[in-house]
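Have a look at the structure below before the remarks.
The values are calculated or read from the model by the stated rules, or taken from the named source; none is laboratory data. Being a predicted model, the structure only gives us computed values, none of them experimental. Positions of Cβ are backbone-derived with ideal geometry, glycine not excepted, and every protein chain shown enters the neighbour counts. Each accessible area value is taken on the protein alone, full model and side chains, heavy atoms only, with ligands, DNA and RNA left out. Shrake-Rupley method; radii C 1.70, N 1.55, O 1.52, S 1.80 Å.
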Amino acid sequence: MKKFKEIKEKKKSHIPLRLNILFFAIFLLFVALVLRLGIVQIIYGDDYRREVERTEDIMINNSVPRGIMYDRNGQVMVDNVALNAITYTRTQNTTTDEILEVAQKLATLIDKSTNKVTERDMKDYWILVNPKKAKKKITKEDNKLLAEEKIDNKEVYKRQIERITEKDLASISKDELKVLAIFREMNSAKALTPQIIKTKTTRMKNGTLQVVEEVTDREVAEVSENLESLPGVDVTTDWDRTYPFDKTLKTVIGNVSKSDQGLPLESLDYYLARDYSRNDRVGTSYIEAQYEDVLQGQKTKVKNITDKGGSVVESTQISEGNRGKDLVLTVDMDLQLAIDQIIEEELRAKKSYGGTYLLDRAFVVMMNPKTGEILAMSGKQFVKDKETGKTELQDYALGNITSSYTMGSVVKGATVLTGYQTGVLKPGEVKVDSPVKIGDLTKKSWKNMGAISDLTALKQSSNVYMFKIAMDIGKGHYVYGRPLSIDTQAFDTMRKYYNQFGLGIRTGIDLPNESKGFPGPDRIPGKLLDLAIGQFDTYTPLQLVQYVSTIANGGNRIQPHIVKSIHDPSKNSKELGPVFQEIDPVVLNRIPMKQEWIERVQTGFKQVMQSPGGTGYSKFGGAKYNMAGKTGTAQSFYDGPEKKKYGALQTMNLTTVGYAPADNPEVAISVVVPWAYQGATGHSMNMDIAKKVMDKYFELKNKKDVTEK
C-alpha cells in the first residue's frame, strides 16, 4: 500500500513539468507566427497586395509574317520584306489626355503624313484641346433639354461638333495636324493590343507605286532613346509583301490588307470568331484570300496580367509564333513570263492594224489535262490612266476566270459529241453543207462544203453541219425559206451536255469569284443554231481549257487548281519546308459517252491542226509536237470599257483551243482575243499566239530535260 502511494505521488510530480513544456512550445509557435506575419506585412506586403489586386488574365495574339509563294520550280513569287515600325499599346485605364500627351511628345521625334486626317478628326481634336471654348458651343437650351432628358449626351456632342466653324479649325497649326495624325492612330488602339502608328505605306499614282511615308533610321534611333518618356510606344518590325516578278499574275495572287486597314468590315465577324484581332492583316482577294487559313500563320500568344486599375503587372509569352505556311503554285514562271511577253508583242503589233481600234486584251491559259495543274494563266489589257490619259498594258490574268465572251467554233467538239449522245448523229454521218434559210434569215458556213462527214465538219469548221445537229436535237422540221419550229427544251439539253465539259458552269478552280459565263436570253430557233457554233452563250478562257482537256484526256472533267502543295515553314526562309498537304487531281465528272465517240472527235481535232485544209494547218502543220485542237471566230457585239460609244458595233472574237502531243497529251491551251477586229479587216492573232506559246512550252521543256540529264 505504501509503495502504491509513492508511485502515485511520483506521477503527480511529472504533470506540471509536461504542461510547462507544452505551454512553452505554444508560446514559441505564437512568437514564430507573429514574426512571420510581420515579415509578410512589412517586407512582402506590397507584393502580396498586388497579387490580391490582380483581376484579369488577358491573352494577346501578335501577328507574324505570311507564308511565301513559290512557282513549281522553286522560284519565289511572293515574299515578305521587313519594315521598321513604331507602335503604341494602351492599357485598359489609359485616358484620352494621356494618349494626347504621348502623341505630342512623339510628334517631336517623327514625321507623320496627315493625308488621312478628316474634318471630323479635326473637330474632335479641337474640342479636346480647347475645352473652355468647346463648352461655349453648348447652349443653355441644350443643357435644359438634356436635364429634361429630351436629348442625350450623344445629341449634345453632335450639336457641339456642328457649331465648330472653319475659323475654329483654321486655328489648328501644321504641327498640331501632325499631332492629330498620330493621336488618331493611337486613339484607335484596342487595349493591350499593339497599334501601328507609322510604317511604310504606298499608293498608286500615275500608274507608279509611290511611297507615302516610311520609318527612317533616324526616327528609330530617336524614339528608341526616348521610350521611357513615351509610355506604350515601341519600335518594332512590321512586314509587307514583295513581288520579285513585279506585276505578272498580280491580279491572281491577290492583295493583303494594309497595316492601317485591319480586318475588312464585310468579313469582320467571320475573322473575329476565328481569333483574329481587329488590326490583323489578312488576304483580301484571290490566292491570298482563298488560302488565308494557311498563309496567316500561328501568332505569338502573350498573357498579360493586369491589376484592378487595368495596368499590366506581368507579361508572359505562352507560345512562340510561326510565320504562315508556304504555297507552291502550279505555275511555271519561265513559261508565264514568256507568254506575257508574247501576248504583249502581239497586242501591240495587231493594234496597229486597220479596224482594230477596239482590240484591248488577250488571254492564254495552259493546263495539264490529266492533273488540272495550271501551268500558266496570262492576260494583258490596255488601260487608260484616269489621271494622265495615257494608255498602258496592265496584267489582266484574272480575266481568265472573271470575264466571259462568245467563243465561236471552238465549241463544235462539244456539239458533235452532244449529237452522238442524244442519238441524232452517228459517227461518220454525212450532211450537206449549203446555206440554211429560215424565213428571211440566211445562215451559212464560211464556204459551201457540200456533202461532208463529222470529221470534215470539225476539220474545216462547218457551221451548217452543227446547225443541222441542233435542229435534230430540237426536233425541228426544216424547209428552205420557211419558218423553223423547234422544241425549246433543246436549249436545256444542249447546255446540259456542254456543262459536262465545263462550258457554262464553274470549273471549280481554287480561286474565289469565278464567273460561269452567261446563257443567251432568247429561246428562238435561230438562237439554238447560234448556240451550236458558240455564238450565243458566253464562256471564260478557263472554261475553254477545261473543255478541251476533257476531250484530250478521254472524258474526265478535271478540276483546275493553281496551288500544287502546301508546306510547313522552314527555319531557312529561302528553302521549302516539309510537305503539309499535296493537292491531288480531282475528277469532277466523267462524260457519259462511248470512248469511240470521244476518240473520233480527237481525230477531228487532230485533222484541224495537222491535215491540209484544216483551219489550223497553216500554223501547226509542221509542228513536231503533234498538235490537236480547234480554232474559232465569233461574231459578237462590243461589250468593253467604251460600250456607251461602241456598244452597237459588231466585232469579231478570235479563239483557239488545243493540246499536245495528240496521242498522249501533257499540255492543253486556250487562247481568247475578244473584239479582235471590226469590219472586213482581219488577222490571225489567236493562231499566232497559240503557235508561239506552244513552241515556247516545248522549247522550255526540252531545255529542262537536257539540264536534268
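Here are the numbers:
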item	result
Members of the range 434-459 found to be more than 17 Å from His477 (Cα to Cα) and surrounded by 15 or more Cβ atoms within 10 Å (Cβ to Cβ), listed by number	Lys444, Ser445, Met449, Ile452, Ser453, Asp454, Leu455, Thr456, Ala457, Leu458, Lys459
Residue check, Ile86 more than 26 Å from Ile161 (Cα to Cα), open to solvent by less than 20 Å² (accessible area, probe 1.4 Å), in a loop (DSSP other than H, G, I, E, B) and of a type in the set (A, V, I, L, M)	no
Meets criteria (under 20 Å from Leu83 (Cα atoms), of a type in the set (D, E, K, R), out of contact with any Cys (no Cβ under 7 Å at 6 or more places or on another chain) and assigned to a loop (DSSP other than H, G, I, E, B)) for Asp280	yes
Condition met for Pro641 (open to solvent by 60 Å² or more (accessible area, probe 1.4 Å), touching a residue at least 60 places away in the same chain (Cβ under 8 Å) and within 25 Å of Asp340 (Cβ to Cβ))	yes
Residues of the range 394-409 satisfying the condition of being under 25 Å from Gly254 (Cβ atoms) and open to solvent by less than 30 Å² (accessible area, probe 1.4 Å)	Asp395, Ala397, Leu398, Gly399, Asn400, Ile401, Ser403, Ser404, Tyr405
Test: Gly474 is modelled with pLDDT of 95 or more, open to solvent by 30 Å² or more (accessible area, probe 1.4 Å) and of a type in the set (Gly, Ala, Ser)	no
Residue tally, condition closer than 30 Å to Asp217 by Cα, out of contact with any helix residue (DSSP H, G or I) (no Cβ under 8 Å at 6 or more places or on another chain) and either touching a residue at least 60 places away in the same chain (Cβ under 8 Å) or not in a helix (DSSP H, G or I) (or both), over the range 100-149	3
Filtered residue count, the range 257-277, keeping only those that are of a type in the set (A, V, I, L, M) and part of a loop (DSSP other than H, G, I, E, B)	2
Lys178 over 33 Å from the mean Cα position of the chain (by Cα) and either at pLDDT 85 or above or crowded, with 17+ Cβ neighbours inside 10 Å (or both)	yes
Selection status of Ala628, in contact with a Gly (Cβ under 8 Å, 6 or more places away or on another chain), of a type outside the set (Asp, Glu), under 23 Å from Ser462 (Cβ atoms) and open to solvent by 50 Å² or more (accessible area, probe 1.4 Å)	no
Failed criterion for Gln635 (all others in (1) open to solvent by 60 Å² or more (accessible area, probe 1.4 Å); (2) outside any strand (DSSP E or B) hold)	(2)
Residue under evaluation Val78, criteria (1) in contact with a Leu (Cβ under 8 Å, 6 or more places away or on another chain); (2) outside any loop (DSSP other than H, G, I, E, B), criterion not met	(1)
Scan of the range 212-228 for residues that are open to solvent by 50 Å² or more (accessible area, probe 1.4 Å) and either within 20 Å of Ala181 (Cβ to Cβ) or touching a Leu at 6+ places or on another chain (Cβ under 8 Å) (or both), ordered by number	Val212, Glu214, Thr216, Arg218, Glu222, Asn226
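Results for (1) open to solvent by less than 40 Å² (accessible area, probe 1.4 Å); (2) small (Gly, Ala, Ser), shown as yes or no for each residue.
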residue: Asn80; (1), (2): yes, no
residue: Thr96; (1), (2): no, no
residue: Ile99; (1), (2): yes, no
residue: Leu109; (1), (2): yes, no
residue: Thr114; (1), (2): no, no
residue: Val117; (1), (2): yes, no
residue: Lys123; (1), (2): yes, no
residue: Ile127; (1), (2): yes, no
residue: Ala134; (1), (2): yes, yes
